[in-house]
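Enquirer: Mind looking over this structure? Questions follow.
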Amino acid sequence: MNIGRLIIREILFRKLSFALGVLSVLAAVGCLVGALASLRNHDRRTERIIAAKQAETQEKMELLADDYRRITLKLGFNVLILPKDQKLSDLYADDYATKYMPEEYATRLAKSRVATINHVLPSLQQKVKWPETGRTILLMGVRGEVYMRGAGQKPLLEPVQAGKIVLGAELHQGLKLKVGDKTRLMGREFTVAKLNEEHGTKDDITAWINLAEAQAMLGKEGQINGILALDCTCADARLPLIRAEIEKVLPDTQVIEFASQAIARAEARRRAEAEAVATIEREKQGRARLRSEREAFAAVFVPLVVLGCAIWIGFLSLANVRERRGEIGVLRALGVRARQVLWLFLGRAVAMGVAGACLGYAAGQVAIAGAEFNAPLLAAVFVGAPLLAALASWVPALLAAQQDPADILRQE
Amino acid sequence: MDIILELRDVQKHFRRSDGVVRAVEGVSLRIGAGEFVAVQGPSGSGKTTLLMAAGVLMQPDSGAVVVAGEEPYKLSAEQRAAFRATHIGFVFQQFHLVHYLNVLDNVLTAALASRAADAKERANELIKRFGLASRASHVPSELSTGERQRVALARALLNRPKLLLADEPTGNLDEENGRMVLDCLAGFAKEGGAVLLVTHDPKAAQVSHRALRMENGKLAGG
């Protein structure tokens, strides 16, 4: 005879009490395993969804790239018309033309109805110091589009109204300006009308204002230093053909290619990619929020169930101790040590924990469809559940061990 | 004759809300090896308290208890438990068998403390000696009262104690079973053990070598 045998015999004798305890551990372990399995399932599902989304986006991007390629093939050139004496090396070094031509050229070009040009945009551009902020910027005066085909033509570029300013990303981010804010530039007050997003080009340090205001501020009344001719539609031979046509109308100018298909295509791709990334990111955030909600629920629910089960096991153990008072008395009289009595009850609780851990783990796995076998969790449950049951039974077991056999035997 | 149990001026009082109960008042007693002593007395005379004190279950307020030459109350609680397991056997009126264990396992509960190597052989031998061989696998609820007391006796004798303490062992038994239990106690004494029996039963006193009377916590006669 030993304590283990005594524990087994007692469990077989009081099956209901033991089963209630096992049920309690089962509930606690089942909840824990179920909650963790559910979270793991969520993670796996998230990985699958994101991977599918990424694959789908990749596929769409390839299709889009192909579409853009086809679309931009049909686009004409964008060309920049500069004064004839403008050295291109200076243009590329300074980022703006240093020679000027009359603003009237733009009107002349538009009126000439050159067949290969659809849009005419005159501008005055100069690198200046923004004295109020200490920054060097590209100041761009624009007047919008000079229409070639009457008022019905859809504009490619909105004009900047007098007193308004449009800012590149570097400028509005650095100066923390928002739409509607007032700002002073070279002594004049402007209202911020628009904030451009980052392009990674000189546009980021460009401020657009009304052409007439720019001419006045730079002392270049009636002067411009570039005409942007957009959407030039010629099927082949391209630049030489456009150049020839323009030079007929504006003989003291030169024509260079500017921001044509490759740039348009790259920009379109960049935007599509950004949208795709944002869509995936939104999906990730949505899934993360859902996981966080589930985790928060489990973080409250599981400990509550575990606590409830521990209390229940404590009560069951206390009832068991009370029921076995006579047995404790006689065992103590026979010389059984207090420590052995303590183990008699703790051993029962551990057995309860082991049985509950087995069944609870299985129940948790079965309850959550697609739950995978998790060896570390199984090991943790096999250690944790008996430990929890033993802790919950500790006080009743201690009370049993401390009972005075003489008192029991006199009263029984 | 070796002295197995010696009580020297043992006193045990209980404090209650209505005053002090003087359960054992200056009792001295010596029981030698092979001696069977019966203590008789009315209920509340202090017999059971005396038995508990002699059985190393209840420390007296004063006086000394010597069992087999040792003073067990000078030992730690754990050592006292071990001492009880190896030196003292108990038989109770209510048998105090473990409900869920069969006869063999009930007898073997005494080995939980002693961890005697030959416990199982000894248990089977005692079961046979008490005529319980055919009932070895039965639980207490399947036994007659006489059989239950015999199981309790076998359990008390498993560890070959020097001292057997019996508290009204015949109180719940018919005459035949009562006689059998008393014969067993007498047999134990004959084999060299010491028996202290507390009882109401006059027949039990007749079987003993020495009958003492206890009243109001004091021992008289003998």
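The values are calculated or read from the model by the stated rules, or taken from the named source; none is laboratory data. In this text, all values refer to a predicted model and were calculated from it rather than measured experimentally. Glycine also receives a Cβ, built like all others from the backbone with ideal geometry; neighbour counts cover every protein chain displayed. For the accessible areas, the whole protein counts, side chains as well, though only heavy atoms, and no ligand, DNA or RNA atoms are used. Shrake-Rupley method; radii C 1.70, N 1.55, O 1.52, S 1.80 Å.
Enquirer: Any idea which of A:Ala362, A:Ala375, A:Ala380, A:Ala319 is away from chain B (no Cβ under 14 Å), touching a residue at least 60 places away in the same chain (Cβ under 8 Å) and not hydroxyl-bearing (Ser, Thr, Tyr)?
Expert: Answer to the check: A:Ala319.
Enquirer: Another one. Tally time: how many residues in segment A:123-159 are at pLDDT below 90, of a type outside the set (D, E, K, R) and closer than 15 Å to A:Leu211 by Cα?
Expert: Of the residues in segment A:123-159, 4 are at pLDDT below 90, of a type outside the set (D, E, K, R) and closer than 15 Å to A:Leu211 by Cα.
Enquirer: Within segment A:195-215, track down each residue that is touching a helix residue (DSSP H, G or I) at 6+ places or on another chain (Cβ under 9 Å) and among the charged types (D, E, K, R).
Expert: If the condition is that a residue be touching a helix residue (DSSP H, G or I) at 6+ places or on another chain (Cβ under 9 Å) and among the charged types (D, E, K, R), then A:Glu197, A:Glu198, A:Asp203, A:Asp204 are the ones that fit.
Enquirer: Taking the conditions exactly as written (within 12 Å of chain A (Cβ to nearest Cβ) and either of a type in the set (Lys, Arg) or surrounded by 15 or more Cβ atoms within 10 Å (Cβ to Cβ) (or both)), does B:Leu29 satisfy them or not?
Expert: no
Enquirer: Please specify each residue of segment B:125-144 satisfying the condition of being away from chain A (no Cβ under 13 Å) and not in a loop (DSSP other than H, G, I, E, B).
Expert: Matches in segment B:125-144: B:Glu125, B:Leu126, B:Ile127, B:Lys128, B:Arg129, B:Ala133, B:Ser134, B:Arg135, B:Glu142.
Enquirer: Can you pull out the residues in segment B:78-98 that are more than 26 Å from B:Ala189 (Cβ to Cβ) and either at the interface with chain A (Cβ under 7 Å from one of its Cβ atoms) or open to solvent by less than 40 Å² (accessible area, probe 1.4 Å) (or both)?
Expert: B:Glu78, B:Val98 - these are the residues of segment B:78-98 that are more than 26 Å from B:Ala189 (Cβ to Cβ) and either at the interface with chain A (Cβ under 7 Å from one of its Cβ atoms) or open to solvent by less than 40 Å² (accessible area, probe 1.4 Å) (or both).
Enquirer: Could you check how many residues of segment B:161-171 are within 13 Å of chain A (Cβ to nearest Cβ) and open to solvent by 30 Å² or more (accessible area, probe 1.4 Å)?
Expert: 0
Enquirer: Here's a follow-up. Kindly indicate the residue of segment B:39-56 that is in a loop (DSSP other than H, G, I, E, B) and under 19 Å from A:Arg337 (Cα atoms) and also nearest to the other protein chains (Cβ to nearest Cβ) among those meeting that condition.
Expert: Restricting to residues being in a loop (DSSP other than H, G, I, E, B) and under 19 Å from A:Arg337 (Cα atoms), the top hit is B:Gly55.
Enquirer: Considering only segment A:15-40, state which residues are over 12 Å from A:Gln365 (Cα atoms) and of a type in the set (Ser, Thr, Tyr).
Expert: Listed by number, the residues that qualify are A:Ser17, A:Ser24.
Enquirer: Does B:Val27 count as touching a strand residue (DSSP E or B) at 6+ places or on another chain (Cβ under 8 Å) and assigned to a strand (DSSP E or B)?
Expert: Answer is yes for this residue.
Enquirer: Just the residues that are open to solvent by less than 10 Å² (accessible area, probe 1.4 Å) and small (Gly, Ala, Ser), please, taken from segment A:200-222.
Expert: Answer for segment A:200-222, where residues must be open to solvent by less than 10 Å² (accessible area, probe 1.4 Å) and small (Gly, Ala, Ser): A:Ala207, A:Ala214.
Enquirer: Go through B:Val103, B:Val98 for me and flag whichever is touching a Ser or Thr at 6+ places or on another chain (Cβ under 8 Å) and modelled with pLDDT of 95 or more.
Expert: Matching residue, one of B:Val103, B:Val98: B:Val103.
Enquirer: Residue check: is B:Arg155 part of a helix (DSSP H, G or I), within 13 Å of another protein chain (Cβ to nearest Cβ) and crowded, with 22+ Cβ neighbours inside 10 Å?
Expert: For B:Arg155, the condition - part of a helix (DSSP H, G or I), within 13 Å of another protein chain (Cβ to nearest Cβ) and crowded, with 22+ Cβ neighbours inside 10 Å - is met.
Enquirer: Cβ-Cβ under 6 Å, sequence separation 6+ or interchain: first residue in segment A:55-76 and at pLDDT below 70, partner open to solvent by 60 Å² or more (accessible area, probe 1.4 Å). Which pairs?
Expert: These pairs meet every condition: A:Tyr68/A:Arg265; A:Thr72/A:Arg265; A:Gly76/A:Thr233.
Enquirer: Working only within segment B:139-165, note down all residues that are in contact with a Ser or Thr (Cβ under 9 Å, 6 or more places away or on another chain) and within 29 Å of A:Phe13 (Cα to Cα).
Expert: Result: B:Gln149, B:Arg155, B:Leu158, B:Asn159.
Enquirer: Kindly provide the set of residues from segment B:57-77 that are within 8 Å of chain A (Cβ to nearest Cβ) and either within 19 Å of B:Arg8 (Cα to Cα) or under 18 Å from the mean Cα position of the chain (by Cα) (or both), ordered by number.
Expert: Scanning segment B:57-77 gives B:Leu57, B:Met58.
Enquirer: Of all residues in segment B:99-112, how many are outside any loop (DSSP other than H, G, I, E, B) and within 7 Å of chain A (Cβ to nearest Cβ)?
Expert: The total comes to 4.
Enquirer: Looking at the structure I just gave you, is B:Gly19 on the phi > 0 side of the Ramachandran plot, open to solvent by 10 Å² or more (accessible area, probe 1.4 Å) and out of contact with any Leu (no Cβ under 8 Å at 6 or more places or on another chain)?
Expert: Answer is yes for this residue.
Enquirer: Collect the residues in segment B:32-47 that are surrounded by fewer than 24 Cβ atoms within 10 Å (Cβ to Cβ) and not charged (D, E, K, R), keeping them in residue-number order.
Expert: Once the filter is applied, which keeps residues that are surrounded by fewer than 24 Cβ atoms within 10 Å (Cβ to Cβ) and not charged (D, E, K, R), segment B:32-47 yields B:Gly32, B:Ala33, B:Gly34, B:Val37, B:Gln40, B:Gly41, B:Pro42, B:Ser43, B:Gly44, B:Ser45.
Enquirer: Filtering segment A:1-31 down to residues that are within 14 Å of another protein chain (Cβ to nearest Cβ), open to solvent by 30 Å² or more (accessible area, probe 1.4 Å) and of a type in the set (A, V, I, L, M), which residue is farthest from A:Ser393 (Cα to Cα)?
Expert: A:Met1
Enquirer: Also, quick follow-up: If the requirement is being open to solvent by less than 40 Å² (accessible area, probe 1.4 Å), among the charged types (D, E, K, R) and more than 30 Å from B:Ala77 (Cα to Cα), which of these qualifies: A:Arg291, A:Arg324, A:Arg332, A:Arg287?
Expert: From the options A:Arg291, A:Arg324, A:Arg332, A:Arg287, the qualifying one is A:Arg287.
Enquirer: On the phi < 0 side of the Ramachandran plot and touching a helix residue (DSSP H, G or I) at 6+ places or on another chain (Cβ under 8 Å): is that true of B:Pro202 in this structure?
Expert: no
Enquirer: Also, I was wondering about something else. Give the residue that is modelled with the lowest pLDDT, with candidates limited to residues of segment A:223-244 that are assigned to a loop (DSSP other than H, G, I, E, B) and open to solvent by less than 40 Å² (accessible area, probe 1.4 Å).
Expert: The extreme case among them is A:Cys234.
Conditions tested, residue by residue: (1) in a helix (DSSP H, G or I); (2) over 22 Å from A:Pro303 (Cα atoms); (3) open to solvent by 20 Å² or more (accessible area, probe 1.4 Å).
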| position | (1), (2), (3) |
| --- | --- |
| A:Leu342 | yes, yes, yes |
| A:Gly353 | yes, no, no |
| A:Gly360 | yes, no, no |
| A:Phe382 | yes, no, yes |
| A:Leu391 | yes, no, yes |
| A:Leu399 | yes, yes, yes |
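Enquirer: Would you check which residues across segment A:245-259 are open to solvent by less than 70 Å² (accessible area, probe 1.4 Å) and not charged (D, E, K, R) and list them?
Expert: A:Ile246, A:Val249, A:Leu250, A:Thr253, A:Gln254, A:Val255, A:Ile256, A:Ala259
Enquirer: Output the qualifying pairs, or none if there are none: Cβ atoms under 8 angstrom, residues six or more apart or on different chains, first residue in segment A:96-117 and outside any loop (DSSP other than H, G, I, E, B), second residue of a type in the set (Asp, Glu).
Expert: Every condition considered, the pairs that remain are A:Met101/A:Asp252.
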